[in-house]
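Each reported figure results from applying straightforward, stated rules to the coordinates on display, with no laboratory input. All figures in this text were calculated on a predicted structure; none of them were measured in a lab. Note: ideal-geometry Cβ built from the backbone for every residue, glycine included; neighbour counts use all protein chains shown.
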Amino acid sequence: MFLLVCIRHTHKYPPLFEQVLVGYLQRFRVGEVITKRLLASLYFRLGSTNIQLVFQELERVSMKSFYEKETYTLDDIDRLIEHGAEESLYLEFKAAKSIHRDSRHEISKDVSAFANADGGVIVYGLTEDNHVAKSIDPIDGLTYTKEWVEDVIASNVNRQIPGLVIHPIRLNLVDLQSIYVVKIPASPDAAHMSKDGRYYIRRNFKAEPLQEYEVRALYERRTMAILEIEDWSIKIDYDKNNHDYVDLEVYVSIVNVGTVVESIFAVNAYIEPLPVYADCMVNKHMFRNHDVIHQGNGRIKFTASSDRPIFPDEEIRGLTFTVSMPIDQLANFCHGRIIRLMVNFSSGMHESEIDLSNRAQDMLDQLAKRTGNLDA
């Protein structure tokens, strides 16, 4: 629980939010991968009362982090069982019978589906019940060696999957009863074809066949920039000149998940309508080209466009803007309020949103605590 101690010394979260974190850490024991930055982001995104959303996001991150481990041990598998880990877009459990001479097609289908999606881990030698890890089901490691599995994948998946790694976990060294953890990256060389001549992708706990246009899109993905809204956060503080007013400073970050540099893009945020009691501005940031556009009927567009490229895997802050209002109007402003986010780039667009509903009290609590800390 070292991480939780760090949290309490660096962030003043409400007790209910801390209870969620304690329960999560006890259930999954993956606290070492849940960063303080992520927790702060979760708190401002989801609020302290939205328990289900907090759990869903933490589980998504933890399953993704399971993929990012460099090695795997029997303790990792026991932990999945003990804490009822569930299959997800990034994780699948397969019984020992899935590693068999008659299972080459299924192996190639499942592995290629992960490679064509966002990557993930298949644990062979672990049974599941309703998608929940159940019990260890050892594979005959003398008959079905790590090399056998590697050969099945290499010879039955068209186009080699770069970066694929198989981690054998030996239950004993006599008859080599084993578990195979197959770590599959999101492939830059997608689309990969299975042994049956079809293309698959990981969706809803299973490998589903791709339509022709989806296969074409995967091929095109290899030679284009793809920008996404990566993250956002909100900072609240008193207006420097009038403590009867508060400033909501919104930060929006974007990331290039494609394979080439993107030079032409714009990051936009929309508030509709902006109440008459509120004022707004786009803050200075890394882009010189930024503006606030009044589009009529109270609709406001904040925009910042590129004056520098964004490279593959690079994350940058794309837009920062401030909305000011009387502190006694904060609840009215947040009620039912959705801020739409959008990044436009040369080959498409990506959208997200900020839901401010029921966030006013959380922000006021943060403001009060910050003020209390300053007074102390």
Let me check against my output: what whole-number percent is the relative contact order of the range 74-218, with C-alpha pairs under 8 Å and at least 6 apart?
30 percent
How high is the relative contact order of the range 217-306, given as a whole-number percent (alpha carbon pairs under 8 Å, six or more residues apart)?
26 percent
Of the cross-linked pairs K146/K206; K94/K206; K69/K109; K183/K206; K69/K97; K94/K134, which ones have a Cα-Cα span greater than 20 Å in the structure shown?
K146/K206; K69/K109; K69/K97
Round to the nearest 0.05 the FRET efficiency obtained for I327 and R198 when R0 = 51 Å and r is the Cβ-Cβ distance.
0.30
Most exposed first by the Cβ proxy, i.e. fewest other Cβ within 10 Å, how do W232, W148 rank?
W148, W232
Quick check: residue separation of E70 and E315 times 0.36 nm, minus the Cα distance between them. What number comes out in nm?
85.9 nm
